[in-house]
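Everything on this sheet refers to the single structure shown next.
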Amino acid sequence: MTQQPKVVSFYSFKGGAGRTLCTVNVTRHLAKRLGATERNPILLMDMDLDSAGLTLLMEHYDTFEGSPWNTSKMVTGELNLNIIKVSEAFFSEGMVDLSARMGMAEKTVRFVGAEAVGRESAVPVLGDAIEWMQFLLEDCGKRGVVSVVIDSASGRQDSALLCHSISDVVVYCCRITDQFLIGTGLQLEFLIEKTLAEGERVPNIILLPVAVPNATEKWQSERYKGCMLQLAGLVHKFEQKAHIQLIKEGIGEVEAFKWIESILLEDEALPADQQAALRAYESLAGAIADLFSGRN
């Protein structure tokens, strides 16, 4: 029996968390950690169907707008991967090679984007959409895909619930502000209780503080400690119902990302904040890979 690839989704309570940047930067390190190659690539997907930021960040708006291969069509059944000819065409024509942008060998990282502006007809019917996504995962397994990485929608959108339902790991990206801390807690409770009530498996959960500012003043340091305690409290609250962990260091704020969002590649000339972010992305990729293998 062919083994399906492990799935990780990057999620946030609301937009503005830096989720998309985290998704694409971690994908590069996860591909390395999992030994992705041309024959065994990693698949990156934009499932934020209402605002396809990853597709825009990767500069593939024109590629997937109106394309027969975009994720909007996948979750509505317009792209039926259960048909052999359609599946073969999708894997040969429907994916974009992002490897060069990520400093990886050719065809190591593949990408499927969404239409940049959401449309009502792209709203998935959850039961059907889960089945259609399972067709994709089964095909990925047959074709040697080592992992699927998803930039999820935020909040309680149907596409976000879909991503949770098919994921082995969900990374909750959370800025350390009150609205994000409170909202993340509410979303965790909703999604965990909903999953358990439906008799389904709760995915592994990683709480990830993102865009964490440098605490230069005493009050900022105290604020940081308080926020980490709040996140640790969420781990304690839900640890009996789910495998949940906190990445205490999180991803530090990168000054350049306020102006230009990008994929960070190793370079000794990078500023200190970008070097630190690179190390944090690599560490997070390791934590995800450990969960995939059952080592954590």
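The values are calculated or read from the model by the stated rules, or taken from the named source; none is laboratory data. A quick note: this is a predicted structure, and the numbers were derived from the prediction, not measured. Quick reminder, even Gly has a Cβ in these numbers, built from the backbone with ideal geometry, and neighbours come from all protein chains shown.
When Lys194, Lys241, Lys225, Lys237 are checked against the criterion of being farther than 30 Å from Pro41 by Cβ, in a loop (DSSP other than H, G, I, E, B) and of a type in the set (D, E, K, R), a single residue qualifies: Lys241.
Picking from residues in the stretch 1-43 that are aliphatic (A, V, I, L, M) and in contact with a Lys or Arg (Cβ under 7 Å, 6 or more places away or on another chain), the one that is modelled with the lowest pLDDT is Ala17. Selection of first residues in the stretch 26-48 that are within 21 Å of Arg279 (Cβ to Cβ) and in a loop (DSSP other than H, G, I, E, B) and of second residues that are basic (Lys, Arg) and modelled with pLDDT of 95 or more, restricted to Cβ pairs under 9 Å at least 6 apart or on distinct chains, gives the following pairs, ordered by first then second residue: Leu34/Lys6.
Scan the stretch 139-160 for residues that are in a helix (DSSP H, G or I) and either out of contact with any helix residue (DSSP H, G or I) (no Cβ under 6 Å at 6 or more places or on another chain) or surrounded by fewer than 19 Cβ atoms within 10 Å (Cβ to Cβ) (or both) and the total you get is 6. Reported count of residues in the stretch 70-104, each being in a loop (DSSP other than H, G, I, E, B) and either over 22 Å from Ala160 (Cβ atoms) or modelled with pLDDT under 90 (or both), is 13.
Residue by residue, here is whether (1) of a type outside the set (Val, Ile, Thr); (2) out of contact with any Ser or Thr (no Cβ under 9 Å at 6 or more places or on another chain); (3) buried (at least 19 other Cβ atoms within 10 Å of the Cβ); (4) modelled with pLDDT under 95 holds:
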site	(1), (2), (3), (4)
Ser167	yes, no, yes, no
Glu189	yes, yes, no, no
Ile205	no, yes, yes, no
Lys225	yes, yes, no, yes
Leu231	yes, no, yes, no
Lys237	yes, yes, no, no
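Every condition in (1) in contact (Cβ under 8 Å) with a residue 24 or more places away in the chain; (2) surrounded by fewer than 24 Cβ atoms within 10 Å (Cβ to Cβ); (3) under 17 Å from Ile263 (Cβ atoms) holds for Glu59 except the one numbered (1).
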